[in-house]
Every structure is written in structure tokens, then in C-alpha cells.
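K.L.:
Okay, here's the structure, questions in a sec.
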Amino acid sequence: MPLQISGTELKWADDELVKKRLAEKGYNNDEALKDITRSDRTTHVYEGGFKLGCGAGLPGILCALRGAAHVTFHDFNECVVQCYTEENLKLNGIEESRYRLLSGPWNDFRSTFECRWYESSTFTQLRL
């Protein structure tokens, strides 16, 4: 299911592919699908702010397609990350070495996220 954004095509998994991945990874389909539905799969592309909870991962995938060296994706639900975000990364041809997938409670996020310094033409240093 492709989407064009400023000349860049984004692809994401349809419901059948997500159900297939859930079954392969041993998740209970009903509960896992509820988690994925709650992750708000498509609105991330249209919203102007940052949303903790990657869901489909489309903004991060767009960054990777446009040259970001590395992108970290985080969602509360492991099944969302493994069966939806990761599938979308693969569909868009993003190499595994260029992304990191994290899941778990938001209060654990900071302990699993390593700080990195980035040089940019806009900022002298950008700490994420």
C-alpha cells in the first residue's frame, strides 16, 4: 500500500501481512491487533509533532529514505514493533544496520536510549 510524500514513496504492511507476522511470531492475534490498531497507524505522517510510540514508523522510515544515517523506533507494545514497524522497514528497503527497534514502558525509554551527538548545517550540535 504505497503513499507518495514529496516524491518519496512509502510502503506499509496491509492487515493480511500484519496478521501473518503476528502468527509467525506467536502473538495472540486478537490482542496484538488491538495494540496495533491503538498505535494509530496512518496519522503520524500528517501530524506536525513528534509522537512517542512509533506504530507504523512512517516518519522515521521517511527520514531513512531521505538519508538519515540511523533511526531509532520505540513503541510500548513489542508486537507492534516486531510485526508492523519492522515489516514496514523491510518493505521500504531499509537495512537493519540503519535502525534500532525498542519496546516497553515509557518510563524505561530513557534507560534504553543512548544519547548521540549529531552535527548539522542548522545546529552546531543536536543531542537526541
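The values are calculated or read from the model by the stated rules, or taken from the named source; none is laboratory data. Here the structure is a predicted model, which is why all the values come from computation and not from measurement. Glycine also receives a Cβ, built like all others from the backbone with ideal geometry; neighbour counts cover every protein chain displayed.
K.L.:
Does the stretch 52-75 contain any residue that is in contact with a helix residue (DSSP H, G or I) (Cβ under 9 Å, 6 or more places away or on another chain), among the hydroxyl-bearing types (Ser, Thr, Tyr) and at pLDDT 75 or above?
P.N.:
Looking only at the stretch 52-75, we keep the residues that are in contact with a helix residue (DSSP H, G or I) (Cβ under 9 Å, 6 or more places away or on another chain), and these are 52-62, 64, 68-75.
Next cut, among the hydroxyl-bearing types (Ser, Thr, Tyr) only: 72.
Those still in the list that are at pLDDT 75 or above too: 72.
Yes, because at least one residue in the stretch 52-75 is in contact with a helix residue (DSSP H, G or I) (Cβ under 9 Å, 6 or more places away or on another chain), among the hydroxyl-bearing types (Ser, Thr, Tyr) and at pLDDT 75 or above.
K.L.:
I've got another one for you. Considering only residues that are surrounded by 13 or more Cβ atoms within 10 Å (Cβ to Cβ) and in contact with a strand residue (DSSP E or B) (Cβ under 7 Å, 6 or more places away or on another chain), look in the stretch 1-44 and name the one that is modelled with the highest pLDDT.
P.N.:
LYS11
K.L.:
What is the one condition in (1) part of a helix (DSSP H, G or I); (2) modelled with pLDDT of 85 or more that ASP108 does not satisfy?
P.N.:
Tallying (1) part of a helix (DSSP H, G or I); (2) modelled with pLDDT of 85 or more, ASP108 fails exactly one: (2).
K.L.:
Quickly run through the stretch 65-90 and pick out the residues that are in a helix (DSSP H, G or I), more than 17 Å from LYS19 (Cα to Cα) and of a type in the set (Ser, Thr, Tyr).
P.N.:
None; the set is empty.
K.L.:
If you check every pair at least six apart or on different chains, which have Cβ atoms under 6 Å apart with a residue in the stretch 3-14 that is without any contact (Cβ under 8 Å) to a residue 40 or more places away in the chain first and a residue that is surrounded by fewer than 16 Cβ atoms within 10 Å (Cβ to Cβ) second?
P.N.:
Pairs found: GLU9/PRO2; ASP14/MET1.
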